[in-house]
Each structure stands twice: as C-alpha cells, then as structure tokens.
Amino acid sequence: MKKKIAVLTGAGISAESGIRTFRDAGGLWEEHDIMEVASPSGWQNNPELVLEFYNRRRRQVLKATPNAGHKALVALEEVYDVTIITQNVDSLHEKAGSTKVLHLHGELLKVRSVANPELIYPWEKDLSMGDCAEDGAQLRPHIVWFGESVPMIDKAIPYFAEADIVLVIGTSMQVYPAAGLIRYTLPYAPIFYIDPHPNISHELALRPALRTIRSKASKGVPEVVKQLMKDGGDS
Ligand code: OAD
C-alpha cells in the first residue's frame with residue numbers, strides 16, 4: 001500500500017505564479033481592509049466593493065500558471081497517496097494535475113447562492129449584482145469569509161490524522177482552523193515545512209519530527225519531493 005501524505009498549502013506556493021500573498025510585505029491585507037472585502041458585514045455594507053475585489057482576484061487567477069512547486073506535488077503521486085488540503089482559492093493545484101485537492105477556504109472559480117450554500121456554480125467571468133442563482137437569489141463568491149465557518153475542516157482532519165508524512169508549504173500558519181490541522185497528525189510523523197519565512201506556530205513547535213526548509217516553493221518543494229521519491233512510498 002502506498003504511504004499517505006497530507007499537504008497543507010497556503011498563498012506562498014502560488015506566489016511565484018504571480019498571485020499575491022496576504023500577510024507578506026506588499027501582501028493583499030496591506031492594501032485592503034479584511035473586514036471590508038472578506039467578511040459578511042463587508043458584503044452587507046458594500047457588496048459591489050466585495051465583488052470588485054474578487055473579480056480582480058479571479059481575473060488574475062485565470063491568467064496564472066502553476067510553478068515548479070505545484071508540479072512537484074503532482075509527481076509525488078506516482079509513489080505516494082497524496083492529498084492536498086489548500087487554503088488557496090486559486091485552482092493552480094488542479095491546473096498542475098494534482099488529483100486530490102480539498103479547498104478549505106473556497107474557490108474563486110465558483111460562486112453560490114446567498115440563500116442556499118448548496119447551489120454552487122462554476123464561474124469564470126466577472127460577478128455582478130443582479131447575477132442570480134436558479135433559486136432567484138443573488139450569487140456571491142464561493143469563498144469562506146472571516147467570521148464564517150469552515151465546513152471542509154471536518155473532511156480535512158482525517159487526512160492529517162492518517163498521514164505517514166505531512167508537508168506544510170507557503171503558509172504563515174496564522175489562520176485557524178487550518179493552522180490547527182497539525183494537531184491531528186501522529187506524534188512522530190515527519191513534518192516538512194517549506195517557507196522562506198516559516199512561522200513556527202505553537203502546534204509546530206511541539207513536533208519532534210519537524211524539518212524546516214527555508215526556501216521558496218519552486219526550489220524547496222522539488223527538493224523535498226526528490227528526497228521522498230528516493231525514500232520510497234510503500235508501507
Ligand atoms: P499568508 O499571506 O498569511 O502567508 C504567506 C506565506 O507564504 C508566508 O509564510 C510567506 O513567508 C510564504 N511565502 C512567500 N513567498 C513564498 C514562496 N515563493 N514560496 C513559499 N512560501 C512563500 O497566507 P496564508 O498562510 O495562505 O483566507 O493565509 C491563510 C489565509 O489567510 C488565506 O487562505 C486567506 C487569508 O486571509 C481567506 O481569504 C479566507
């Protein structure tokens with residue numbers, strides 16, 4: 001049986017594909033007020049501003065292409081049973097060819113009815129006020145906003161609980177519950193954290209088998225993948 005790898009990715013893996021991160025210098029949250037563009041109250045106060053924010057992000061994501069970090073994770077599937085749990089709302093893991101990707105914070109290329117969270121549609125153009133779902137309700141970005149629950153977290157937990165190896169790539173580990181997924185991993189499962197400026201969170205600091213690789217994703221991920229491929233994926 002193939003060994004299981006759970007991969008937690010954040011904005012850093014897509015940085016070299018031209019998609020801005022949130023909390024780095026020059027990141028999105030320097031320029032935008034989170035509560036204005038990414039919260040239920042922001043949506044209530046000024047939905048046009050929220051739509052414009054995500055329309056710009058969507059246009060950017062449609063133009064972006066996967067980098068060596070995304071691609072290396074695809075190669076890893078040849079040897080391991082790999083599941084990617086991403087905080088990213090872009091679709092670069094899928095574009096690269098990864099087959100098991102779970103989006104914790106939603107997807108930019110999907111929209112949903114404000115009245116029924118089950119009514120979700122693929123969406124590639126700009127979204128405007130007046131664009132409605134089949135229930136007649138306004139469509140909103142299929143994004144988890146601050147203050148909203150993260151329904152995919154329950155699906156994500158077992159992948160970390162059962163993982164033989166964990167990779168954490170390009171995330172500041174500041175946003176919960178995503179950053180808390182590490183708590184569920186087996187105590188001695190190796191955790192590789194690839195990030196040029198890693199943030200050793202409380203959960204990570206407690207891990208005896210943490211290996212920190214201070215590199216950009218395009219360099220660090222292929223290096224770790226090469227090593228894991230050499231080690232072999234059979235249990
Ligand atoms: P952050 O912007 O908080 O963190 C980005 C991380 O990427 C930092 O640790 C950087 O050091 C690292 N980084 C930068 N360039 C990199 C590169 N080339 N290769 C690898 N790593 C690099 O982004 P997230 O941790 O993903 O949520 O943020 C988590 C959530 O907060 C996001 O999903 C988003 C945001 O608010 C929502 O919008 C719901």
A chain fully extended from ASP33 to ILE200 at 0.36 nm per residue, minus the present Cα-Cα distance, gains in nm 57.5 nm
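Keeping every protein chain present and rolling a 1.4 Å probe, give me the accessible area per residue for region 1-122 in Å².
Value for region 1-122: 44 Å² per residue.
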What is the extension gain from PHE146 to ALA161, computed as 0.36 nm multiplied by their sequence separation minus the C-alpha to C-alpha distance, in nm to one decimal?
-> 2.8 nm
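On average over all directions, what projected area in square nanometres does the chain have, based on the convex hull of its Cα atoms?
Numbers: hull surface 49.3 nm².
Its average projected convex-hull area is 12.3 nm².
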For GLU124, what accessible area in Å² do you get when you roll a 1.4 Å probe over the heavy atoms of the protein chains, rounding to the nearest 10?
-> 120 Å²
With 0.36 nm assigned to each residue of separation and the Cα-Cα distance removed, CYS132 to LYS100 gains 8.5 nm
Identify, among TRP29, ASN199, LEU119, the residue whose Cα sits farthest towards the positive end of the charge dipole of the chain, taking +1 on the Cβ of Lys and Arg and -1 on the Cβ of Asp and Glu, with the dipole about the Cα centre.
-> ASN199
Taking the Cα-to-Cβ direction at ARG214 and at LEU62 and moving 7 Å from each Cα, how far apart do the two end points lie in nm?
-> 4.1 nm
Among PRO158, VAL7, MET229, the residue whose Cα sits farthest towards the positive end of the charge dipole of the chain (+1 at Cβ of Lys and Arg, -1 at Cβ of Asp and Glu, taken about the Cα centre) is MET229
Residues whose placed amide H lies under 5 Å from that of VAL111, excluding near-sequence neighbours | TYR121, TRP123, HIS142
Just how large is the dipole of region 120-190 about the Cα centre, in debye to the nearest 20, putting +1 at every Lys and Arg Cβ and -1 at every Asp and Glu Cβ?
-> 300 debye
Residue order for ASP90, ASP135, ASP154 - accessible surface, 1.4 angstrom probe, largest first = ASP154, ASP135, ASP90
Estimated FRET transfer efficiency (LEU119, SER235; beta-carbon r; R0 41 Å; 0.05) | 0.50
The chain: calculated mean residue ellipticity at 222 nm from DSSP helix runs of at least 4, using -39500 (n - 2.57) | -8500 deg cm²/dmol
From largest accessible area down, sort PHE146, PHE192; use a 1.4 Å probe on the protein chains.
-> PHE146, PHE192
Could you give me the percent of Cα pairs per 10 Å distance bin for region 48-108, shortest bin first, beginning at zero and ending with the bin that holds the maximum distance?
-> 22, 48, 23, 7, 1
Please work out the C-alpha center-to-center distance from region 1-58 to region 185-229 and express it in whole Å.
-> 23 Å
Apportionment of accessible area to carbon and sulfur, the chain, percent (1.4 Å) | 53 percent
The chain - percent relative contact order, Cα under 8 Å, separation 6 or more | 25 percent
Pairwise Lys count, the chain - Cα closer than 18 Å, eight or more residues apart or different chains = 27
Counting only residues 5 or more apart in sequence or on a different chain, those whose built amide H sits under 5 Å from that of ILE85 are VAL7, LEU8, THR9, LEU102
Compute, for HIS103, the solvent-accessible surface of its heavy atoms (probe 1.4 Å) with the complete set of protein chains present, and express it in square angstrom to the nearest 10.
-> 20 Å²
Size of the dipole of the chain about the Cα centre, Lys and Arg at +1 and Asp and Glu at -1 on the beta carbon, nothing else charged, in debye to 20?
-> 760 debye
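The values are calculated or read from the model by the stated rules, or taken from the named source; none is laboratory data. Bear in mind the structure is a predicted one, so any value in this text is a computation, not a measurement. Heads up, the Cβs are rebuilt from the backbone with ideal geometry, glycines too, and the neighbour counts pull from every protein chain shown. Remember, those area values only see protein heavy atoms, side chains included, never the ligands or the DNA or RNA. Shrake-Rupley method; radii C 1.70, N 1.55, O 1.52, S 1.80 Å.
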